[in-house]
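Novice: Structure incoming, see below.
The values are calculated or read from the model by the stated rules, or taken from the named source; none is laboratory data. Since this is a predicted model, take the numbers as computed values, not measurements. Here the Cβ positions follow ideal geometry from the backbone for every residue, glycine too, while neighbour counts run over all protein chains shown. Surface areas here come from the heavy atoms of the whole protein model, side chains and all, with no ligands, DNA or RNA. Shrake-Rupley method; radii C 1.70, N 1.55, O 1.52, S 1.80 Å.
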Amino acid sequence: MELPYSEPFKIKMVETVSRSTAEQREKWIRDASYNLFNLRSGQVYIDLLTDSGTGAMSDRQWSAMMQGDESYAGAASYYRLKEAIKDITGFDFFLPTHQGRAAENVLFSVLVKEGDLVPGNSHFDTTKGHIEFRKATAVDCTIGIASDPSAYHPFKGNVDTEKLERVIVNAQPKKVACIVVTITNNTSGGQPVSMSNLREVSRIAKSYNIKLILDSARFAENAYFIKTREDGYASKSIREIVSEMFSYADGMTMSSKKDAIVNMGGFIGFRDEELFREASVYNIIYEGFITYGGMSGRDMEALAQGLYEGTGYEYLESRIRQVGLLGSRLKEYGVPVIEPFGGHAIFIDAKSFLPHIPRNEFPGQTLAVELYAEGGVRGVEIGALMADRDPVTRENRYPALELVRLAVPRRVYTDNHIEYVAAAVANVYERRNSIRHGLRIISEAPILRHFTIALERI
Ligand SMILES: *Cc1c(COP(=O)(O)O)cnc(C)c1O
């Protein structure tokens with residue numbers, strides 16, 4: 001018989017996770033003000049809150065850490081990381097930062113000024129936060145089909161290039177600070193951006209002399225989708241595809257906690273030495289000296305190794321296949337999910353799942369709370385709570401999609417865990433009509449409110 005698929009790794013160390021009862025979970029989630037960020041990890045059985053910083057490092061990454069050089073300036077670990085970044089992304093200059101949003105903070109301190117526009121595909125929440133904090137505007141130019149959760153498009157993260165060009169042409173007297181393309185497009189469901197779209201965005205950016213920045217947290221997963229879905233790339237290696245992707249950009253921000261499979265870290269890549277020098281000033285103020293910028297030497301070692309492992313084809317295949325397993329099961333159980341499946345997560349369409357819960361009762365968050373109560377599975381709402389209020393009118397913003405994201409950590413859970421999660425979602429789906437009401441806000445922060453919001457059941 002044909003041998004079944006199996007993972008290209010085996011397990012060297014295990015960590016116990018504990019189950020709980022429905023009564024315990026009901027109490028814990030009430031005490032957490034129906035905000036899943038307030039739960040203690042020990043109260044969660046399977047944690048799909050995020051794939052950020054939650055991956056399992058390899059034996060090679062752990063052993064690389066032993067070679068960390070903790071010198072304040074000019075550490076060998078910095079130079080090893082610099083070489084790995086040059087090798088994989090092609091960028092000559094880089095600044096280490098403690099995580100992805102710190103990279104955004106440092107880079108946007110140079111590029112983004114009050115009143116500017118920053119067009120791109122749907123910006124990630126911290127990216128948008130750093131833009132709006134500077135009183136600039138993030139303009140979403142994602143292709144229209146991305147907001148239709150059941151429509152198929154192989155590259156649903158693409159930029160609508162006509163809209164992008166209109167935004168640039170009509171910007172006067174405002175200035176377009178830079179274009180930010182997120183690969184893969186997290187906010188629209190972990191959807192990839194095609195190489196031809198990147199090429200076209202780059203052409204437009206160059207013709208108006210605007211810098212193109214790639215928000216690159218999941219650049220390797222994006223490359224996997226290009227290899228498996230875009231004409232002309234099937235026989236190219238992931239690293240060849242990655243280097244072509246970055247060849248179209250002037251710079252990148254990176255949350256290394258995603259595709260570089262480390263628990264903490266980030267960086268900015270630059271083509272232009274001048275921009276690197278300007279950003280260095282802010283890196284020193286906010287992050288640390290330019291040869292460590294918020295990272296220990298050992299962490300830079302693990303990151304350098306992680307960049308190679310994260311861009312290996314066999315690893316990416318096992319990862320994206322496992323995420324696909326979750327999506328296929330949910331589909332079999334009739335649960336409305338966004339298709340095609342994203343690279344790092346499955347997104348449940350909460351508006352279709354709970355059509356009787358109005359948007360001002362937060363159906364996404366309601367579903368995330370029910371899923372936790374059902375099986376101790378922690379996902380996250382990506383909908384009206386995360387979308388914050390409009391900075392000017394202070395009204396709730398209702399994005400086109402109201403989603404619950406189940407993000408799969410890298411190399412952490414087995415397929416049995418995935419089957420358990422799918423069954424828990426199916427059970428909530430079975431009893432969806434008995435969920436009569438949603439949630440109401442008791443207190444919230446002025447920006448990035450979803451992290452600390454307090455809610456109650458209506
Ligand atoms: C995670 C993420 C960020 C922010 O990175 P942190 O490391 O969490 O600060 C920015 N953009 C995208 C697309 C991300 O997924």
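Novice: I'd like to compare 255-267, 90-102, 282-294, 174-186: which one has the highest average count of other Cβ atoms within 10 Å, and what's the full order after that?
Specialist: Details: 255-267: 27.2, 90-102: 22.8, 282-294: 19.3, 174-186: 25.4.
Result, highest mean Cβ count within 10 Å first: 255-267, 174-186, 90-102, 282-294.
Novice: Then there is this: On the protein heavy atoms, probe 1.4 angstrom, tell me the percent of accessible surface of the chain carried by carbon and sulfur.
Specialist: Details: 9800 of 19160 Å².
Solvent-exposed carbon and sulfur of the chain make up 51 percent of the total.
Novice: To the nearest Å, what is the center-to-center distance of the stretch 321-351 and the stretch 178-252, using C-alpha atoms only?
Specialist: 23 Å
Novice: Which of the helices in the chain meet the span-like rule: DSSP H, Cα axial reach of 20 Å or more, Kyte-Doolittle mean at least -1.0? Numbers along the way, then the final one.
Specialist: Values: long enough: 313-332 (28 Å, -0.62); 415-430 (22 Å, 0.06).
Going by DSSP H runs, the hits are 313-332, 415-430.
Novice: Going from most exposed to least, what order do Ser280, Ser41 have by accessible area with a 1.4 Å probe? Each step should come with its number before you reach the end.
Specialist: Working: Ser280 15, Ser41 85 Å².
Heavy-atom accessible area, descending, gives Ser41, Ser280.
Novice: Of Arg319, Arg329, which has the most accessible area with a 1.4 Å probe, and how do the rest follow in descending order? Spell out each step's value before the answer.
Specialist: Working: Arg319 15, Arg329 60 Å².
Greatest to least solvent exposure: Arg329, Arg319.
Novice: So if R0 is 22 Å, what FRET efficiency would Asn209 and Arg277 give, r being the distance between their Cβ atoms, rounded to the nearest 0.05? Don't skip to the answer; put the middle values down first.
Specialist: Numbers: r = 20 Å, r/R0 = 0.89.
So, using R0 = 22 Å, E works out to roughly 0.65.
Novice: So which lysines pass the test for Lys86, namely a Cα distance under 23 Å, with those fewer than 8 places away in the same chain ruled out?
Specialist: Lys206, Lys211, Lys227, Lys236, Lys257, Lys258
Novice: Further, regarding this structure: Below 8 Å, C-alpha to C-alpha, sequence gap of six or more: please give me the relative contact order for the stretch 221-291 in percent.
Specialist: 18 percent.
Novice: Okay, moving on. Quick check: net charge around Ser434, other residues with Cβ under 13 Å of its Cβ, Lys/Arg +1 and Asp/Glu -1? Present the calculation step by step, with values, prior to reporting the outcome.
Specialist: Values: positive: Arg431, Arg432, Arg436; negative: Glu370, Glu374, Glu430.
With Lys, Arg at +1 and Asp, Glu at -1, the net is 0.
Novice: Leaving ligands and nucleic acids out of the surface, order His130, His123 by accessible area at 1.4 Å, largest first. Please report the intermediate quantities before stating the final value.
Specialist: On the way: His130 40, His123 15 Å².
Highest to lowest solvent-accessible surface, that is His130, His123.
Novice: Moving on. If you roll a 1.4 Å probe over the heavy atoms of the protein chains, what accessible area per residue do you get for the chain, in Å²? Could the numbers behind the result be given before it?
Specialist: Working: 19160 Å² over 458 residues.
Each residue of the chain exposes 42 Å² on average to a 1.4 Å probe.
Novice: At a probe radius of 1.4 Å, what is the per-residue accessible area of Arg80, in Å² to the nearest 10?
Specialist: Arg80 exposes around 100 Å² with every protein chain in place.
Novice: Can I ask one more? What whole-number distance in Å separates the alpha-carbon centres of the stretch 42-68 and the stretch 423-458?
Specialist: Between the Cα centres of the stretch 42-68 and the stretch 423-458 lies a distance of 28 Å.
Novice: Still on this model: Taking 25 Å as R0, compute the FRET efficiency from the Cβ-Cβ separation of Glu419 and Glu314 and round it to 0.05.
Specialist: On the way: r = 23 Å, r/R0 = 0.91.
In this case the efficiency is close to 0.65.
Novice: Which net charge results when you count Lys and Arg as +1 and Asp and Glu as -1 among the other residues whose beta-carbon is under 15 Å from that of Lys128?
Specialist: Spelling it out: positives minus negatives among the neighbours equals -2.
Novice: Here's something else I'd like to know. Along the Cα→Cβ direction, 7 angstrom out, place labels at Asp148 and Phe37. What is the inter-label distance in nm?
Specialist: 3.4 nm
Novice: Suppose only helical runs count, i.e. DSSP H with n ≥ 4. What mean residue ellipticity at 222 nm does that imply for the chain under -39500 (n - 2.57) per run, divided by all residues and rounded to the nearest 500 deg cm²/dmol?
Specialist: Values: 15 runs with 176 residues, N = 458.
Rounded to the nearest 500, it is -12000 deg cm²/dmol.
Novice: Run the simple label-point estimate for Glu2 and Ile284 please: 7 Å along Cα→C-beta, distance reported in nm.
Specialist: Between Glu2 and Ile284, the label points sit 6.0 nm apart.
Novice: Would you work out the relative contact order for the stretch 59-310, in percent, from Cα pairs under 8 angstrom that are 6 or more residues apart?
Specialist: Values: 532 pairs, mean separation 81.8, N = 252.
Normalised by residue count, the contact order of the stretch 59-310 is 32 percent.
Novice: Moving on to the next point. For a paramagnetic label modelled at 7 Å from the Cα of Glu162 toward its Cβ, which residues of the stretch 111-150 fall within the zone defined by backbone nitrogen distances under 16 Å?
Specialist: 141-146
Novice: Determine the relative contact order of the chain: mean sequence separation of Cα pairs under 8 Å and six or more apart, normalised by residue count, in whole percent. Can you show the working numbers first?
Specialist: Values: 961 pairs, mean separation 105.5, N = 458.
Result for the chain is 23 percent.
Novice: Provide the packing ranking of 344-356, 299-311, i.e. peptides ordered by the mean count of other C-beta atoms within 10 Å per residue, highest first.
Specialist: On the way: 344-356: 22.9, 299-311: 25.5.
For the peptides 344-356, 299-311, the packing ranking is 299-311, 344-356.
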